Amino acid sequence: MGALADRTHGRWPWVAAAAALPATLALAARRERLREDLGWAFWAPLPVYFWHQTEEWVWPGGFLPWVNRDVLGSDDDEDPITGTLGLVINTGGGWALAAAGGVRGLRSPALGAAVHAMLVANAAFHVAQSARFRRYTPGFASAVLVLAPVGLAGLGAIARRAGARPVLLGAAVGLGASAAQVEVLRRRVS
């Protein structure tokens, strides 16, 4: 596992890769019940994050050196985003928030909307960077295939069920947090 952990800058990406299919199948098995109470919109981000992180970090991988060097302008594969910071961002800002959105769901539609807005912001980031570099970048395929569609569908579903106000609030928080994160990382390089 040592060589694999070195290649992925830690062990946590292998957890995402191992969890992607089972989490997707668990969600699909409950799709009728989840559709009735809008639960799909609150639980869908978790397997989406697993698939996206698998593409970025495991296969084909290469996210950390690419984002640090090409996007953030660093001279180091692991600065300003280190393997440890990648763990915190992806498991705390991704998995934990997605799970909290699933658990709190109908009681806190703004939280669910914030999670979906983060999916959309992440997708926009990957599409913009691939356009900027005019090539595939780590995370692009899953951004287009799952992040954007699930994020947009989730925002729409939450708005239809809970109204525009929680979606606007959640979207502002999710988009703002995503933009702030990139700006903070850019400043760390300078």
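Observations on the model:
- Criterion applied to Ala19, Ala113 was being at pLDDT 90 or above, among the aliphatic types (A, V, I, L, M) and farther than 22 Å from Phe125 by Cα, and the one residue passing it is Ala19.
- Complete set of residues in the stretch 71-90 that are surrounded by 18 or more Cβ atoms within 10 Å (Cβ to Cβ), under 21 Å from Trp14 (Cα atoms) and not aliphatic (A, V, I, L, M): Gly83, Gly86, Asn90
- The residues in the stretch 18-54 that are buried (at least 18 other Cβ atoms within 10 Å of the Cβ) and under 16 Å from the mean Cα position of the chain (by Cα) can be counted, and the count is 17.
- For the stretch 160-190, a residue qualifies if it is of a type outside the set (Ser, Thr, Tyr) and crowded, with 18+ Cβ neighbours inside 10 Å, and the qualifying residues are Ala162, Pro166, Val167, Gly170, Ala171, Gly174, Leu185.
So that you can scan it fast, the table gives a plain yes or no per residue for (1) more than 18 Å from the chain's Cα centre (by Cα); (2) among the β-branched types (Val, Ile, Thr); (3) farther than 21 Å from Val88 by Cα; (4) part of a helix (DSSP H, G or I):
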residue: Leu119; (1), (2), (3), (4): no, no, no, yes
residue: Val127; (1), (2), (3), (4): no, yes, yes, yes
residue: Ala131; (1), (2), (3), (4): yes, no, yes, yes
residue: Leu147; (1), (2), (3), (4): no, no, no, yes
residue: Val150; (1), (2), (3), (4): no, yes, yes, yes
residue: Ala157; (1), (2), (3), (4): yes, no, yes, yes
residue: Leu168; (1), (2), (3), (4): yes, no, yes, yes
residue: Ala172; (1), (2), (3), (4): no, no, yes, yes
residue: Ser178; (1), (2), (3), (4): no, no, no, yes
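- Residue selected from the stretch 55-73 under the condition over 11 Å from the mean Cα position of the chain (by Cα) and within 18 Å of Ala98 (Cβ to Cβ), by the criterion modelled with the highest pLDDT: Glu55
- Any pair with Cβ under 8 angstrom, 6 or more apart, that starts in the stretch 2-17 at a residue that is in a helix (DSSP H, G or I) and ends at one that is among the hydroxyl-bearing types (Ser, Thr, Tyr) and modelled with pLDDT of 70 or more: Trp12/Thr91; Pro13/Thr54; Ala16/Tyr49; Ala16/Thr54; Ala17/Thr54
The values are calculated or read from the model by the stated rules, or taken from the named source; none is laboratory data. None of the values given here were measured: they were computed from a predicted structure. Positions of Cβ are backbone-derived with ideal geometry, glycine not excepted, and every protein chain shown enters the neighbour counts.
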